[in-house]
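Read through the structure below, which is laid out as structure tokens, and then see the notes.
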Amino acid sequence: MADLLRFATAGSVDDGKSTLIGRLLYDSKSVFQDQLESVERTSADRGDDYTNLALLTDGLRAEREQGITIDVAYRYFSTPVRSFIVADTPGHVQYTRNMVTGASTADLALVLVDARKGVVEQTRRHASLSALLRVPHLVLAVNKMDLVGFDESTYRRIVEDFTAFAAQLDLPDVTAVPMAALQGDNVVHRSERMPWYDGPALLEHLEQVHVSREDAQLRPARFPVQYVIRPMSTERPDYRGYAGTVAAGTLRVGDAVTVLPSGRTSTVEALETYNGALPEAVAGQAVTVRLADELDVSRGDMLVASEAVPTVTSSFDATVCWMADAPLRPGQRVLVKHTTRTVKAQVQALHDRLDVTQLLPEQADSLRLNDIGRVTLRTASPLAVDPYAQDRTTGAFIVIDEATGTTVGAGMVA
Amino acid sequence: MTTAATGLSQLDVLEAESIHVMREVAAEFERPALLFSGGKDSIVMLRLAEKAFWPARIPFPLVHVDTGHNFDEVLAFRDKRADELQARLVIAKVQDDIDAGRVVEVPGGLRNPLQTTTLLRAIEEGRYDAVFGGARRDEEKARAKERFFSFRDGFGQWDPKNQRPELWNLYNGRHNPGEHIRVFPLSNWTELDIWRYIARERIEVPAIYYAHEREVFERDGMLLGVTPFSEPRPDEPVQTRVVRYRTVGDASCTGAVESPARTPEDVVEEVASTRITERGATRADDRASEAAMEDRKKEGYF
């Protein structure tokens, strides 16, 4: 049974990120002939010396014209053991906003450095954001090894620099790979030009990296109710099911559950799907829950394991990444969408801004575009929240500007 | 949210993600609609909708933007599915816009570009605030930049440089009256995933997706079927070959591929080893330029 790994890539301008992804797609035979021909044609028209694999991923007219990546692009490839979704996040324009977006759903972050330049501010920024978003794995891709003569000591020094920096962060798992993406060394196939490196090629690592299945399922159950299903048909006149996706843990028939925010309790009578009833449903599964008791449950409520309920609160601290041109200021009113509940909220206090190259707090009276800071939010009605560090679903929220309707921030409950 | 962390297979994860998106839309919008053409992607999307709301009926109508250049098997299939699901089927005809002079047919008869006007009219007439489409990000470079929830202004336009960031599984559907959201539940599916799912779930698709004998002729490196909308010129000899369709669109610009694949499993095998994208192989409309799709999408196309 093939599974799925989502990873986000990040790098500075010209680290060769698009080339690396192009290489992964090309060497894993996920690039099609017509796509390659189109890229070869464009490369030749532009007078490039070699087929510019970056053109495989830069899709918009403006991107091709300017030779840059503007927006997060999603790429797909698969090998016999795993399917991959790549969130390709641009390195320069709107980097924090894009990186945070890509990292929010990622199981792994791929951070590129140029072997000639080593660990730079952008590298630290990307590592810090991965840590902040609690991406479970990080790969440090030391690229352009061909331009430093495949020199082992250069590679070792970069890895040491990075490891020293990463020690200050809460990064669970770091793996480094030396590579030359342009020629394909250590991308899909192990390179013969770096005999001193005995680790896996990048793709081998991506195929093997252990994604702990147990963690998500062992957490206390969380089930945000999305939609109430009431067929009101003659066969099922009284059917009332709560549709949603299990956010964390495992729900089992017979489990004692508490409905939040009301606090009423019941037991799980059935877990139903179109394909039949299930004895249990695990994190990530979309199911319909029927309860043993008739309770008032609606969208925005959360069914949780009665043995371990989250905090229900109208005031909480959070780290917010700001994504709008107009700055966030203390006192500002916004909308917060947390799981399936959207509530009015007010920024009660802005405590500080984080220097994202080190995650150290600085004084601030506003958060500007791409700033990350710590705030206290007061909400108009209570939310059932877990710390983001424990749960990437029930600890996450987005901030919406009520006037424009746009998404202006990403938040993580402290 | 973590994907591989749950022990679910890749198809399970994709299915759950699509169902989640559809339920969000049903809960947060007043008048959603689902674009259903009878093509394989919209067939899978329709099955996902069935799953999302079971045992209740799908809580929105199906809309077909009808170019008038159809495959008979596909229209019959469309009507049969709508009947089975007891769903309301709204048909918006490109011909009506041609007759009313809102669009002008171009020489050569390609009607795909004309669909945009008809689609926007259908959205306006139905006052739909969310419209599900079966587009996938793997289909095309511009689509790789699409969101699950794609905001469209009062003119139906897409602004690729100014999209809302989409984080975790938290989708933002806020819009003003007159604006709407295009929703793409299959964003993360690939052509191969679609066929694996059709095989796994034993989903019926129109017979033209499987190998059959057909009178075809070659044009621009594509095999076009002989239909009232695509007739061979004198220098284009007609041959009978065993073909199947990888995509089903406007019959005048959708090519067939030579294939012996007669079952979903055969197709899975074929797609897994093919080296040409489905649009590159079979869609004349996407060959216009590098940015043909981006330009059409900006104007309101899917």
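Can you figure out the FRET efficiency of A:Ala326 with B:Arg262, using R₀ = 60 Å and their beta-carbon distance, to the nearest 0.05?
0.55
What is the stretch B:116-157 by shape, rounded, prolate or oblate, if you read a ≥ b ≥ c off the alpha carbon gyration tensor as root eigenvalues and call it rounded for a/c under 1.5, prolate for a/b larger than b/c, and oblate otherwise?
prolate
Apply the Karplus curve 6.51 cos²θ - 1.76 cosθ + 1.60, θ = phi - 60°, to the phi angles in the stretch B:246-254 and return the couplings in whole Hz, x for Gly and Pro.
Residue by residue, the stretch B:246-254 yields 8, 10, 10, x, 3, 4, 6, 10, 9 Hz.
Restricted to Cα positions, what overall size does chain B have along the principal axes? Three whole-Å values, descending.
55, 50, 39
Taking the radius of gyration and the Kirkwood hydrodynamic radius from Cα positions alone, what is the Rg/Rh ratio for chain A, to two decimal places?
1.01
Quick one: if you stick a label point 7 Å off each Cα along the C-beta vector at A:Leu278 and A:His210, how many nm between them?
Result: 2.5 nm between the two label points.
Return the ratio Rg/(2.2 N^0.38 Å) for the protein assembly as shown, where Rg is computed over Cα atoms only.
Normalised by 2.2 N^0.38 Å, the Cα Rg of the protein assembly as shown equals 0.96.
Name the residue from B:Phe229, B:Tyr210, B:Tyr245 whose Cα lies farthest towards the positive end of the charge dipole of the stretch B:201-250, charges +1 on Cβ of Lys and Arg and -1 on Cβ of Asp and Glu.
So the residue we want is B:Tyr210.
Convert 20 °C to kelvin, take the viscosity as 1.002 mPa s, use the Kirkwood radius over C-alpha pairs of the stretch A:249-344 as Rh, and evaluate the Stokes-Einstein diffusion coefficient in µm²/s, rounded to a whole number.
This corresponds to a translational diffusion coefficient of 136 µm²/s.
Restrict the search to the stretch B:131-202; then list the trypsin sites (Lys or Arg not before Pro) that DSSP places in a loop and that have at most 14 other Cβ atoms within 10 Å of their Cβ.
B:Lys161, B:Arg202
Might you report the magnitude of the Cβ-based charge dipole of the stretch B:206-287 about its Cα centre, with Lys and Arg at +1 and Asp and Glu at -1, to the nearest 20 debye?
The dipole magnitude comes to about 80 debye.
In angstroms, what radius of gyration and Dmax does the stretch B:206-287 have, counting Cα atoms only?
Just the Cα atoms of the stretch B:206-287 yield Rg and Dmax of 12.2, 38 Å.
How large is the translational diffusion coefficient of the stretch A:3-211 in µm² per second when you combine the Kirkwood radius over alpha carbon pairs with Stokes-Einstein at 10 °C and 1.306 mPa s?
The estimated diffusion coefficient comes to 93 µm²/s.
Where Rh denotes the Kirkwood radius from the mean inverse Cα pair distance, what is Rg over Rh for the stretch A:216-305?
0.94
Report the gain in length on full extension from B:Arg127 to B:Asn176: 0.36 nm times residue separation, minus Cα-Cα distance, nm rounded to one decimal.
Length gained between B:Arg127 and B:Asn176: 16.4 nm.
Could you give the dipole magnitude of chain A about its Cα centre, charging the beta-carbon of Lys and Arg +1 and that of Asp and Glu -1, in debye to the nearest 20?
900 debye
I'd like the FRET efficiency for A:Lys29 and B:Glu30, computed as 1/(1 + (r/R0)^6) with the beta carbon distance as r and R0 of 51 Å, rounded to 0.05.
Computed FRET efficiency for A:Lys29 and B:Glu30 comes out at 0.65.
Within 10 Å of each Cβ in peptide A:224-234, how many partner chain Cβ atoms are there on average? Round it to a whole number, please.
Per residue, the number of nearby Cβ atoms from other chains is 4 on average.
Which one, B:Ala92, B:Val131, A:Gly373, projects farthest toward the positive side of the charge dipole computed for the protein assembly as shown from Cβ point charges (K/R +1, D/E -1)?
Highest projection toward the positive end goes to A:Gly373.
Compute, for the protein assembly as shown, the length of the dipole vector about the Cα centre, with Cβ point charges of +1 (Lys, Arg) and -1 (Asp, Glu) only. Units Debye, rounded to 20.
1340 debye
Need the full-extension length gain, B:Glu218 to B:Glu204, defined as separation in residues times 0.36 nm minus the C-alpha distance. One decimal, nm.
Full-extension gain reported as 2.1 nm.
Readers should treat all values here as calculations from the given coordinates under stated rules, not as data from a laboratory. Everything numeric in this text was worked out from a predicted model, so none of it was measured. Cβ: placed from backbone, ideal geometry, glycine included. Neighbour counts: every protein chain shown.
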